[in-house]
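Trainee: So that we are looking at the same thing, I have put the structure below in structure tokens.
The values are calculated or read from the model by the stated rules, or taken from the named source; none is laboratory data. What you are looking at is a predicted structure, and each value in this text was computed from that prediction instead of being measured. Positions of Cβ are generated from backbone atoms using ideal geometry, with glycine treated the same way; all protein chains shown enter the neighbour counts. Side chains included, ligands, DNA and RNA excluded: accessible areas come from the protein's heavy atoms. Shrake-Rupley method; radii C 1.70, N 1.55, O 1.52, S 1.80 Å.
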Amino acid sequence: MAGRRAEAETFTARMKKRIHRARIGLRKSGVDYFRGDGSDWIALAGLLLTIPVITVFTIINNVWCSPAALVLPIVAGGLLLRPSSLLGLYAASAAALIVESVQLGPYAEGPSRVTPGVVLVVAACGFFGLLIAQFRTRVGVPWRGGGTMLFDLRERIRVQSKLPKLPRGWHREMALRPAGGQSFSGDFVVAARTNGGRTLEAVLTDVSGKGMDAGSRALLLSGAFGGLLGSLPPHAFLPAANGYLLRQDWDEGFATSIHLVLDLETGDYELFSAGHPPGLQLSAGNGRWEEKVADGPLLGVYDGAQFDPVKGSLRPGDVLMLFTDGIVEASDRDISEGIDRLTGEADRYVAGGFHGAAWHLIEAVAKDVNDDRALLLICREASAGA
């Protein structure tokens, strides 16, 4: 009896180990497939099966199914397969062309046959598909996940630009519009509540370049700036950011930035600027906009730069507006004219407390500008305490 029990336990233990190994292997295969490191045999098998189907339909009715239809699996293979797998697909396609040519007869005897032009089109599609596959292999982009990776990068920038929730009596909103309707922008915002939640720190940055050309650098900088924000005293943030850019040694390594440090209890704030357009404050007392200009050079230009802040205070009903140069600068006007136009449009939203105003302001003053645009609004509601 004891021997049978030991044998059963041994059999059970062996089965558990096998199931565990199978589960680990399946999980690893799933991860590799998602990352693009797994085998592409499923896609290759599916595409190989389409080739004889197309060949049969071409032989049966070459008017409705042309020999040139073989470019369909070839184009799909260029998007889905690795270069080594593509060669097998191309060999099968070449064999299919030979079979079609033999069965349909010489192209001189009638239309819809395998002509030299069809062969050239199929070969050209195969050549460009192979170039695309080799490029993906060199840069290390997963053979299926290139689009997913770009989508993930875009979402990371969007999440990092999300503003923290403010206490009662405060309103904040931000709008971002990349150049040319693209998904990537060289403008970004990082923000956090520090000092036990009493202080709001927000950094609006404009990286040199625009659209996708600046998007990768904006992603890198937004992560670095997000790590620095709150980890350093406010006066040390821009010097640290400047040193970080200098260490990157980029050809277009400069950026402009404006750093807001706002006390959410008193409304007092400091603005640190690195070559950025000035902030604008609306005073509820007189209804006028005032420029808040802080001194500081561009980030990434030279080491040891000094950044001197400008101070102010947001009273109940006041608004602070920060923006990038794409909103106020254009080839046909200077920055002062752009600021006048922006403040003129902003006056229309005073009665509504600027709720939903950020996106509409960009639409109104810089809708068709071929540059990245970002606008940040911080409003102290009129019902807030003095």
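Trainee: Out of all the residues in segment 257-273, which are surrounded by fewer than 22 Cβ atoms within 10 Å (Cβ to Cβ) and closer than 12 Å to Leu299 by Cα?
Mentor: Within segment 257-273, no residue meets the criteria.
Trainee: Among the residues of segment 359-379, write down those that are more than 13 Å from Leu176 (Cβ to Cβ) and crowded, with 24+ Cβ neighbours inside 10 Å.
Mentor: Within segment 359-379, Ile378, Cys379 meet the criteria.
Trainee: For Ala346, all conditions in the list (1) surrounded by fewer than 22 Cβ atoms within 10 Å (Cβ to Cβ); (2) part of a helix (DSSP H, G or I) hold save one; what is the number of the exception?
Mentor: Condition (1) is where Ala346 drops out.
Trainee: Moving to a separate point now. Of the conditions (1) over 30 Å from Gln248 (Cα atoms); (2) open to solvent by less than 10 Å² (accessible area, probe 1.4 Å); (3) charged (D, E, K, R), Lys311 satisfies every one except a single condition; which number is it?
Mentor: (2)
Trainee: Looking at Glu252, is it open to solvent by 10 Å² or more (accessible area, probe 1.4 Å) and closer than 19 Å to Arg380 by Cβ?
Mentor: In short, no.
Trainee: Follow-up question, since we're still on this one. I'd like to verify a number: residues in segment 349-358 that are open to solvent by 30 Å² or more (accessible area, probe 1.4 Å) and not in a loop (DSSP other than H, G, I, E, B), how many?
Mentor: 1
Trainee: Looking at segment 104-123, which of its residues are at pLDDT 85 or above and open to solvent by 40 Å² or more (accessible area, probe 1.4 Å)?
Mentor: Val119, Leu120, Val121, Ala123
Trainee: When the residues of segment 191-249 are filtered to those that are free of Cβ contacts under 8 Å to residues at least 40 places away in the same chain, aliphatic (A, V, I, L, M) and in contact with a helix residue (DSSP H, G or I) (Cβ under 7 Å, 6 or more places away or on another chain), which remaining residue is most open to solvent (accessible area, probe 1.4 Å)?
Mentor: Applying the filter and picking the extreme gives Leu232.
Trainee: Next question. Pull up segment 327-336, narrow it to residues that are in a helix (DSSP H, G or I) and in contact with a helix residue (DSSP H, G or I) (Cβ under 8 Å, 6 or more places away or on another chain), then point me to the one that is nearest to Trp359 (Cα to Cα).
Mentor: The residue in question is Ile327.
Trainee: Oh, and also: Any idea which of Thr50, Thr55 is of a type outside the set (A, V, I, L, M), modelled with pLDDT of 85 or more and open to solvent by 40 Å² or more (accessible area, probe 1.4 Å)?
Mentor: Selected residue: Thr50, the only one of Thr50, Thr55 that is of a type outside the set (A, V, I, L, M), modelled with pLDDT of 85 or more and open to solvent by 40 Å² or more (accessible area, probe 1.4 Å).
Trainee: Looking at the structure I just gave you, is Ala294 over 23 Å from Ala374 (Cα atoms), open to solvent by less than 40 Å² (accessible area, probe 1.4 Å), free of Cβ contacts under 8 Å to residues at least 40 places away in the same chain and not charged (D, E, K, R)? Break it down into steps so the answer makes sense when it comes.
Mentor: Numbers: over 23 Å from Ala374 (Cα atoms): no; open to solvent by less than 40 Å² (accessible area, probe 1.4 Å): yes; free of Cβ contacts under 8 Å to residues at least 40 places away in the same chain: yes; not charged (D, E, K, R): yes.
Judged against the criteria, Ala294 is not a match.
Trainee: Name the residue, out of Asp268, Asp295, that is at pLDDT below 95 and among the charged types (D, E, K, R).
Mentor: Working: Asp268 fails: at pLDDT below 95.
Residue meeting the stated conditions: Asp295.
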